[in-house]
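Taking it in order: structure first as C-alpha cells, then the write-up.
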Amino acid sequence: MPINRHHAFADGLAYARPKQRGFFSKSPTLLEREVEDVWRQFDSSASIGKGCLLGPSAWCVNSAGDNERIVLGASVVCRGLLRVEKFGSGRITIAANAYIGDDCLLSAAAGISIGEGVMLAHGVQIFDNDSHPLDPTARLADYASVQTHGERGVIAAKPVSIGARVWIGFNAIIMKGVTIGENSVVAAGSVVTRDVPANTVVAGNPATIVKTIEP
C-alpha cells in the first residue's frame with residue numbers, strides 16, 4: 001500500500017484505499033483495521049478523487065446521505081473530521097492537492113469550499129454555522145432537541161470559501177461567511193471573523209492584516 005510521509009504537519013502516515021477488507025494481512029493489526037474502517041466510512045459518505053490519502057484518525061459524517069455533499073479532489077490528504085450537519089443544506093468541497101491536518105474539524109450547514117493546494121495545519125476549525133441559536137431560550141430548546149434526536153430549529157449559517165494555496169496555521173478558527181483570498185496565510189491561533197484579501201498574512205483575535213505577500 002502506498003504511504004506518503006512527506007506532507008508538512010504530518011508526523012504520522014496517511015493511506016491509500018485498501019483493495020479489499022483485510023488487505024494489509026490475514027491478521028490485520030488494530031491500526032490496519034482502523035484505516036480500513038476510515039476508508040469504508042469515506043467511500044460510503046463522500047465522493048473521493050484519485051490518489052487521495054486518509055489518516056487513521058480521519059472521519060466524515062454526512063447526514064444528508066448524498067455522497068456529492070462531501071467531495072475530495074485528486075490527491076487530497078485528509079487526517080481530520082469532515083461533517084455535513086443535519087440542519088441546513090451544507091456541502092464540503094476540497095480541491096486537488098489540499099491537506100487537512102490532524103484534529104481539523106470542518107462543519108458545514110451552508111457550504112465550505114477549500115481551494116487547490118490549501119494547507120490546514122492540525123487543529124484548524126472551520127464552521128459555516130453558529131452550531132446553536134444565539135437566543136438563550138431557543139438555545140436551550142435546541143439543546144433539548146439534540147438530546148432527544150428531534151428536529152432542530154433555525155441556526156444561522158453562511159458559506160465559507162478558502163482560496164487556492166492558502167495556509168491556515170494550527171488551531172486557527174474560521175467563522176461563518178468568511179472568504180479568504182488565494183495565497184494568504186492565517187497565523188496559528190487566529191480567529192477569522194471577516195474576509196481576508198488575497199496575498200496577505202492575518203493574525204490575532206479577531207484576525208487583522210499584519211503584512212502583504214508579493215504575488
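Looking at region 186-201, which of its residues are among the β-branched types (Val, Ile, Thr), closer than 18 Å to PHE127 by Cα and in contact with a strand residue (DSSP E or B) (Cβ under 6 Å, 6 or more places away or on another chain)?
Answer for region 186-201, where residues must be among the β-branched types (Val, Ile, Thr), closer than 18 Å to PHE127 by Cα and in contact with a strand residue (DSSP E or B) (Cβ under 6 Å, 6 or more places away or on another chain): VAL186, VAL191, VAL192, VAL196.
Going by the conditions given, is ASP135 at pLDDT below 95 and under 20 Å from PHE42 (Cα atoms)?
no
Any chance you could count how many residues in region 151-171 are at negative phi and among the polar types (S, T, N, Q)?
The qualifying residues number 1.
Would you check if there is a residue in region 29-47 being under 27 Å from SER161 (Cβ atoms), in a loop (DSSP other than H, G, I, E, B) and modelled with pLDDT of 90 or more?
Yes: one or more hits.
Among the strands (runs of 3 or more DSSP E) contained in region 51-129, which hold 1 or more residues that are touching a Ser or Thr at 6+ places or on another chain (Cβ under 6 Å) and of a type outside the set (Gly, Ala, Ser)?
Per the criteria, 59-62, 70-72, 81-84, 92-94, 125-127.
I need a count of the residues in region 102-161 that are in contact with a Leu (Cβ under 9 Å, 6 or more places away or on another chain) and basic (Lys, Arg).
0
I need the strands (runs of 3 or more DSSP E) fully contained in region 141-215, keeping only those with at least 3 residues that are under 20 Å from VAL84 (Cβ atoms).
By residue number, 160-162.
Has region 173-183 got any residue that is farther than 20 Å from LEU105 by Cα, out of contact with any strand residue (DSSP E or B) (no Cβ under 7 Å at 6 or more places or on another chain) and modelled with pLDDT under 95?
no
The values are calculated or read from the model by the stated rules, or taken from the named source; none is laboratory data. Since we're looking at a predicted model, the values are computed, not measured. We place every Cβ from the backbone using ideal geometry, glycine too, and count neighbours over all the protein chains shown.
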